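Just below is one structure, and these are the notes that go with it.
Please treat every number below as a calculation from the coordinates, not as lab data. Keep in mind it's a predicted model, so treat the numbers as computed, not measured. As a convention, Cβ positions derive from the backbone with ideal geometry for all residues, glycine included, and neighbour counts pool all protein chains shown.
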Ligand code: FPP
């Protein structure tokens, strides 16, 4: 099915919680890792589609802080897939800039090396920025940021009244990107799972039952078409928004 998209209202930042790899594999009688293998392919396809549509930032929740509690073999498989699945040629062909957020120092050296190479190689690309959240959780990020600001205050570099919303945003790891306009969660769960909590204050949420390995280009277009029918009110009344009042 084709979805009519208004090219002037493409969300600048789409964040995705890619859920359902394990259940997709189980339903097919396959090991969970087969779902992750397919999940990497979808991540690449969806990044290419986001590029075609003109999405400026695509943030993919790939490995949460809580995912460290999974069996070692599954963690290893996910990291191996990241190392082999990140292909510079695909990024260069599509003018994609690659970035990572999360607890970088906690990652295996092979993942640090590979992601660093991708970031360096694609730093000058000007199309979509693909942000991969690895060993990331929002509470971890907020805790780090609060500790950083407390240090700035102790050193006399930050006054309490200088701690504004904009200042906090500027100190987060995500300072280089705008807040998400649209958050998509696949896999039929209705929760945010410690993802971009500060940044999603006014984000539009879209949930779908489709497991991530089955989420194709037309599903992204469907989510964006749905987003384009929303009215973002930011606490105002619908009438105020229609009249474009400040
Ligand atoms: C969720 O499925 C997926 C993950 C925990 C992470 C794995 C994601 C990938 C391998 C794709 C990312 C790739 C790149 C290149 C960015 P789940 O295992 O939680 O599924 P379940 O809820 O059905 O068990």
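Scanning region 75-98 for residues that are part of a helix (DSSP H, G or I) and more than 8 Å from the ligand (Cβ to nearest atom) yields a count of 13. From (1) buried (at least 17 other Cβ atoms within 10 Å of the Cβ); (2) in a strand (DSSP E or B), pick out the condition that doesn't hold for residue 180. It is condition (2) that residue 180 fails.
Looking only at residues in region 1-31 that are surrounded by fewer than 19 Cβ atoms within 10 Å (Cβ to Cβ) and in a helix (DSSP H, G or I), the one that is farthest from the ligand (Cβ to nearest atom) is 8. Assess whether residue 39 counts as being over 27 Å from residue 172 (Cβ atoms), in contact (Cβ under 8 Å) with a residue 60 or more places away in the chain and outside any strand (DSSP E or B). No; evaluated as a whole, the condition is false for this residue.
Residue count for region 97-115, restricted to those that are farther than 27 Å from residue 22 by Cβ and surrounded by 13 or more Cβ atoms within 10 Å (Cβ to Cβ): 1.
Among the residues making up region 198-235, those that are assigned to a loop (DSSP other than H, G, I, E, B) and within 16 Å of the chain's Cα centre (by Cα) are 198, 199, 200, 201, 202, 203, 215. Among the residues in region 42-56, are any free of Cβ contacts under 8 Å to residues at least 60 places away in the same chain, within 25 Å of residue 93 (Cα to Cα), near the ligand (Cβ under 7 Å from one of its atoms) and touching a helix residue (DSSP H, G or I) at 6+ places or on another chain (Cβ under 8 Å)? For region 42-56, residues free of Cβ contacts under 8 Å to residues at least 60 places away in the same chain, within 25 Å of residue 93 (Cα to Cα), near the ligand (Cβ under 7 Å from one of its atoms) and touching a helix residue (DSSP H, G or I) at 6+ places or on another chain (Cβ under 8 Å): present.
Suppose the filter is within 13 Å of the ligand (Cβ to nearest atom) and touching a residue at least 60 places away in the same chain (Cβ under 8 Å); does residue 65 pass it? Yes, satisfied. The C-beta contact set for region 185-197 (first residue part of a loop (DSSP other than H, G, I, E, B), second residue loosely packed, with under 13 Cβ neighbours inside 10 Å, distance under 6 angstrom, 6+ apart or interchain) comprises 188/209; 194/139. Against the numbered list (1) surrounded by fewer than 16 Cβ atoms within 10 Å (Cβ to Cβ); (2) within 20 Å of the chain's Cα centre (by Cα); (3) in contact (Cβ under 8 Å) with a residue 24 or more places away in the chain; (4) on the phi < 0 side of the Ramachandran plot, residue 121 comes up short only at (2).
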